[in-house]
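Colleague: Below you'll find the structure I mean.
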Amino acid sequence: MRILVISGAPRRDGYTEELARLFAEGVSGAGGEVELVRLAERDVRPCRGCFACWTRLDGRCAQRDDMDELIPRTLASDALVLATPVYYYSFSALLKAFLERLLPTSLPFVDTSSPSGMERNTRRFPDRGPKRAVLIAAGAHRDPRLMEGLVRTFETICHGISAERAGALLRPESFVMDFDAGKPVAGRKVRAAFTAAGRELVTEGRVSARTEEDASTPFTRDLALFEGHARTYWELARGREGAFDRASLRDATAADLRILVPELAASLDPSAAGDLEAVIQLDVTDDPDGGYHLLIARGRCAAHKGRHERPDTTLSLDAGELVKLLHQKIDARAAVALGRIVVDGDRSLFVRMGRLFPRS
Ligand SMILES: Cc1cc2nc3c(=O)[nH]c(=O)nc-3n(C[C@H](O)[C@H](O)[C@H](O)COP(=O)(O)O)c2cc1C
């Protein structure tokens, strides 16, 4: 199967391209033939709407640019994968321009033969062109409903080009993908889903519903946690010199307690907590606000900034040590023995923390 992946991401090495690459790896791993085209590196201008391709030029576009090469490649593909960042609830302008420029592959006549009863334009080359299409979309928002317009447009395009909708892989909370330290399981699962999707397209002809679901696995437990993460992320990004740099932001978010401590709270295992009601103070010795306290009740845990008046257990440690602890780079009991963490109050609660907050 020949698969053409068109990436409409202006940003190289962003999330869209990472996901498109993972998908492409899945395709080649399953024996498919795959080509990834980055529109950002190509010259593809928007359609001028002159209709010359439908009138005097007989299927040839009036503009000379890289579509001269991309149209034949599209027609030679068995499956077309449209990979886009979500821009204003839709395709990026780069991808939209590519889609507009497929106009020469259709004819001005109305095709009434669709089983759905919806009209479309007659295809100029009925025996050529992708029989299947897959959408890959990365957006920063959390709520998948904000991608519904894009998905609907994609499905309508499938109808328009007579291709089967063979999958829609949606990745909301795109930037949280780089919070790998806090979310190793979800990150792995999502990346594996994009590779599985490429494999399934080759072996099954379509992406399974299960894989689509895995690709959209929520990264944050709720909107409040997402809101906090987004605020911290943009504060870190605004404080950075030069270009918007994914690698350095990855490092910065991995070391930021405003992300790590709420993630710790969100990881509470309700079955391990049972009916526990407790306050754990994380007394960060080099933080003027005194660190954080964790309130555990009714199987939930919330992280709050500052000191609690009556904590059950207090862990005193510096910020660097807490970051290492949360990344499982140090063993908590060994750190206590070495005096790097001082535990006051109910020590059994400290001992129980490993089970209460399972880190994978
Ligand atoms: C112009 C613009 C518009 C955007 N609009 C949306 C949007 O409507 N919904 C959304 O979830 N994210 C939106 N975003 C965020 C991007 O989708 C998000 O940062 C994504 O990861 C970008 O893809 P990339 O990582 O491949 O660059 C927008 C970003 C830009 C630059």
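The values are calculated or read from the model by the stated rules, or taken from the named source; none is laboratory data. A quick note: this is a predicted structure, and the numbers were derived from the prediction, not measured. Methodologically, a virtual Cβ is constructed for each residue, glycine included, from the backbone with ideal geometry; neighbour enumeration extends over all protein chains shown.
Colleague: Those residues that are of a type in the set (D, E, K, R) and under 16 Å from Leu80 (Cα atoms), I need them from segment 11-27; list them, please. Spell out how you get there, then give the answer.
Modeller: Initially, segment 11-27 is screened for residues of a type in the set (D, E, K, R), giving 11-13, 17-18, 21, 25.
Glu17, Arg21, Glu25, listed by residue number.
Colleague: Test Gly129 against the stated conditions and say whether it is within 25 Å of Arg206 (Cβ to Cβ), of a type in the set (Gly, Ala, Ser) and part of a strand (DSSP E or B).
Modeller: Numbers: within 25 Å of Arg206 (Cβ to Cβ): yes; of a type in the set (Gly, Ala, Ser): yes; part of a strand (DSSP E or B): no.
Criteria not met by Gly129.
Colleague: Taking only segment 325-343 into account, find how many residues are charged (D, E, K, R) and crowded, with 16+ Cβ neighbours inside 10 Å.
Modeller: At the first step, the residues of segment 325-343 found to be charged (D, E, K, R) are 329, 331, 333, 340.
Then drop every residue that is not crowded, with 16+ Cβ neighbours inside 10 Å, which leaves 340.
Within segment 325-343, residues that are charged (D, E, K, R) and crowded, with 16+ Cβ neighbours inside 10 Å number 1.
Colleague: On to the next question. In segment 51-94, what residues are buried (at least 16 other Cβ atoms within 10 Å of the Cβ), part of a loop (DSSP other than H, G, I, E, B), away from the ligand (no atom under 16 Å from the Cβ) and of a type in the set (Gly, Ala, Ser)?
Modeller: Ser77
Colleague: Can you say whether Gly187 is within 19 Å of Ser267 (Cα to Cα) and in a helix (DSSP H, G or I), as far as the supplied structure shows? Don't jump to the end; show me each part of the working.
Modeller: Working: within 19 Å of Ser267 (Cα to Cα): yes; in a helix (DSSP H, G or I): yes.
Taking the combined requirement at face value, the residue satisfies it.
Colleague: Quick one: which residue in Leu356, Leu322, Leu349 is within 30 Å of the chain's Cα centre (by Cα), among the hydrophobic types (A, V, I, L, M, F, W, C) and under 19 Å from Asp269 (Cα atoms)?
Modeller: On the way: Leu322 fails: under 19 Å from Asp269 (Cα atoms); Leu349 fails: within 30 Å of the chain's Cα centre (by Cα).
Checking each option against the conditions leaves just Leu356.
Colleague: Still on this structure: Out of the helices (runs of 4 or more DSSP H) lying entirely within segment 242-297, which hold 3 or more residues that are in the same structural domain as Phe175 (by TED's automatic domain parsing) and aromatic (Phe, Trp, Tyr)? Walk me through it before giving the result.
Modeller: Details: elements: 246-254, 257-266, 270-273.
Answer list for segment 242-297: none.
The rows are residues; the columns are (1) touching a residue at least 12 places away in the same chain (Cβ under 8 Å); (2) among the charged types (D, E, K, R); (3) farther than 24 Å from Asp344 by Cβ.
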position	(1), (2), (3)
His229	yes, no, yes
Ala266	yes, no, yes
Ala273	yes, no, no
Asp289	yes, yes, no
Tyr292	yes, no, no
Leu315	yes, no, no
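Colleague: Here's another thing I want to ask about it. Take segment 95-115 and flag every residue that is of a type outside the set (Lys, Arg) and assigned to a loop (DSSP other than H, G, I, E, B). Write out each step before concluding.
Modeller: Step one: list which residues in segment 95-115 are of a type outside the set (Lys, Arg), which gives 95, 97-100, 102-115.
Once the filter is applied, which keeps residues that are of a type outside the set (Lys, Arg) and assigned to a loop (DSSP other than H, G, I, E, B), segment 95-115 yields Leu102, Thr112, Ser113, Ser114, Pro115.
Colleague: Only one of (1) modelled with pLDDT of 95 or more; (2) under 21 Å from His229 (Cα atoms); (3) crowded, with 18+ Cβ neighbours inside 10 Å fails for Glu263. Which number is that?
Modeller: With (1) modelled with pLDDT of 95 or more; (2) under 21 Å from His229 (Cα atoms); (3) crowded, with 18+ Cβ neighbours inside 10 Å applied to Glu263, the lone miss is (1).
Colleague: Here's another thing I want to ask about it. Restricting segment 121-146 to residues that are of a type in the set (Lys, Arg) and under 23 Å from the mean Cα position of the chain (by Cα), which is farthest from the ligand (Cβ to nearest atom)?
Modeller: That would be Arg132.
Colleague: Can you pull out the residues in segment 298-311 that are surrounded by fewer than 20 Cβ atoms within 10 Å (Cβ to Cβ) and in a loop (DSSP other than H, G, I, E, B)? Outline the logic, then answer.
Modeller: Just the residues of segment 298-311 that are surrounded by fewer than 20 Cβ atoms within 10 Å (Cβ to Cβ), to begin with: 298-300, 302, 304-310.
Arg298, Gly299, Gly306, Arg307, His308, Glu309, Arg310 - these are the residues of segment 298-311 that are surrounded by fewer than 20 Cβ atoms within 10 Å (Cβ to Cβ) and in a loop (DSSP other than H, G, I, E, B).
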